[in-house]
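To start, the structure itself, in structure tokens.
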Amino acid sequence: MIKLYDKYFDLFLSEEEILAIVKKIADRIAEDYKDEVPIFVGVLNGAFMFVSDFLKCYPYPCEVSFVKLSSYRGLTSTGIVETLLDVPDTIEGRSVIILEDIIDTGRTLQELVHIFSNTNVKNFKIASLFFKSESYNGEYPIDYLGMEIPNNFIVGYGLDYKEQGRNLRGVYQINQSKMINLVLFGKPGAGKGTQAGFLKEKYNLKHISTGDVFRYNIKNNTKLGKLAKSYMDKGDLVPDEVTIRMLQDEVEKNPEASGFIFDGFPRTAAQAEALDNFLETKDMKIHATIALEANDEVLIKRLLERGKVSDRPDDQDEEKIRNRFEEYNQKTAPLIDYYSTQKKFHSVNGIGSIEEITKRLTQVIDSLT
């Protein structure tokens, strides 16, 4: 295991295993291009080691050049691909093979296809050392593929985390066992949102509020947003599988997180089971569910005070507040049983100063690691 900044990584592929994959790619391309002199174009920065070892394996005359594209910050793709170093001027009428270190979402590949579609090359192909099929959009074919890998963040052999790790001879994948995944629930006014803000900063967690996720998808007219809205417009409940798919998107968009706080989901035992099943496909799990407990009368006072500035009608009517409490009680009871059976349920006193409550929560979380 190695540590880079705040992340731990386990060995995934040794140098010997990587070189065997590189040779396999070189042999296949050599068979196809032995009768001409192709130009290999490496994609910087990540592919420099791959290109170097590939050229050592390639047995016939060839040329090499580089382009530089960037879409990553830390562990996360920004979604905006910048061209930092252009293609060479000598490629007209030539066969070009792109050498990529890794293809995941396909955004960089899309930019490469765009670049070379505006040139007069004889043909161009794509070769990639690693390929994440789970996250790839599938828009363009990959002509030469070294190895399909899981959708986990990797570092080493040219690949970096915040510019460190490129010099590692092997490839390492992020250690998921260091993650902390929480379900946070509590009655309205219990301070979930406030505490989630502190916890996500302290433990580098991603706070996933189901309400926020729904609003984002509907506002941005995403495919899942349209699907959810079609149920809501008919007055129907959005099926659990739609919500799970939204949460899955949020998890996959945030590989840099050291874990997740799920807020607003699950609401039923069936949803809790669905969440467990989804996380299992990612080699993840819920480590703890924490309920912020507070006396109803204290919470009612809090909400009525909040209602004076929040403009939320449901914070200004005591009867509506009590109805929300009753709904919470009815839905939470099965969840308490579900997670208590797994020995993952924790109750925390939600009365006191913000700092006092945060300290109680961190004591629970620190006991998990």
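Taken together, the values in this text are just the output of simple stated rules run on the coordinates, not laboratory data. What you see is a predicted model, and the numbers here were worked out from it, not measured in a lab. Cβ atoms come from the backbone with ideal geometry, glycine included; neighbour counts cover every protein chain shown.
Taking a ≥ b ≥ c as the square roots of the Cα gyration tensor eigenvalues, with a/c under 1.5 meaning rounded and otherwise prolate when a/b beats b/c, else oblate, which class fits the range 174-287? The shape class here is prolate.
The residue among GLN271, PRO61, ASN220 whose Cα reaches farthest toward the positive pole of the charge dipole of the chain, with charges on the beta-carbon of Lys, Arg, Asp and Glu, is GLN271. In this simple spin-label approximation, ALA20 and GLU326 carry label points 7 Å from Cα along the Cα→Cβ vector, and these lie 6.7 nm apart. Between ILE218 and SER367, the modelled labels are 3.9 nm apart [label points 7 Å from Cα along Cα→Cβ].
For the range 260-287 versus the range 312-369, the inter-centroid distance based on Cα atoms is 17 Å.
If R0 is 45 Å, the Cβ-Cβ spacing of ASP317 and LYS285 corresponds to a FRET efficiency of close to 0.70.
Available extension along the chain between LYS3 and LYS162 is 56.0 nm, counting 0.36 nm per residue and deducting the alpha carbon span. Full extension of the chain between SER310 and TYR231 yields a length gain of 25.6 nm, computed as 0.36 nm times the residue separation minus the alpha carbon distance. Taking other residues whose beta carbon is less than 15 angstrom from the beta carbon of ALA294, and scoring Lys, Arg as +1 and Asp, Glu as -1, yields +3. Which of LYS7/LYS285; LYS282/LYS343; LYS223/LYS343; LYS200/LYS343; LYS202/LYS253; LYS34/LYS68 have a Cα-Cα distance over 30 Å? From LYS7/LYS285; LYS282/LYS343; LYS223/LYS343; LYS200/LYS343; LYS202/LYS253; LYS34/LYS68, over 30 Å: LYS223/LYS343.
Highest mobility in the GNM of the chain, judged by mean-square fluctuation with C-alpha springs under 10 Å and restricted to ASP283, ASP160, ASP35, is found for ASP35. Between GLU201 and GLU241, the distance separating the two model label sites (each 7 Å from Cα on the Cα→Cβ line) works out to 4.1 nm.
Find me the longest stretch of the chain that has none of the exposed GluC sites (Glu not before Pro), where exposed means in a DSSP loop (not H, G, I, E or B) with at most 14 other Cβ atoms within 10 Å.
Working: sites that count: GLU36, GLU92, GLU134, GLU139, GLU163.
That gives 164-369 as the longest site-free run.
Legend: translational diffusion of the range 2-174 by Stokes-Einstein, Rh = Kirkwood radius over C-alpha pairs, 10 °C, 1.306 mPa s; D = 97 µm²/s. Summing Cβ point charges (Lys, Arg +1; Asp, Glu -1) relative to the Cα centre of the chain gives a dipole of roughly 740 debye.
Considering only ALA20, ILE91, ILE39, and ranking their Cα positions along the charge dipole of the range 2-174 that arises from unit charges at the beta-carbon of Lys, Arg, Asp and Glu, the one farthest toward the positive end is ALA20.
With the cut-off at 1.5 for a/c, could you classify the range 249-369 from its C-alpha gyration tensor as rounded, prolate or oblate? Note, shape of the range 249-369 comes out prolate.
Spherically averaged projected area of the convex hull of Cα atoms, the chain: 21.6 nm².
Once backbone amide H atoms are built at 1.01 Å from N, VAL121 has GLY93 as its partners under 5 Å, excluding neighbours fewer than 5 places away on the same chain. Close amide H partners of THR289, meaning residues 5 or more places away or on another chain with modelled amide H under 5 Å apart, are VAL183, PHE345, HIS346. Only aspartates and glutamates eight or more places from LYS56 in sequence, or on another chain, were considered; those with a Cα closer than 12 Å are ASP27.
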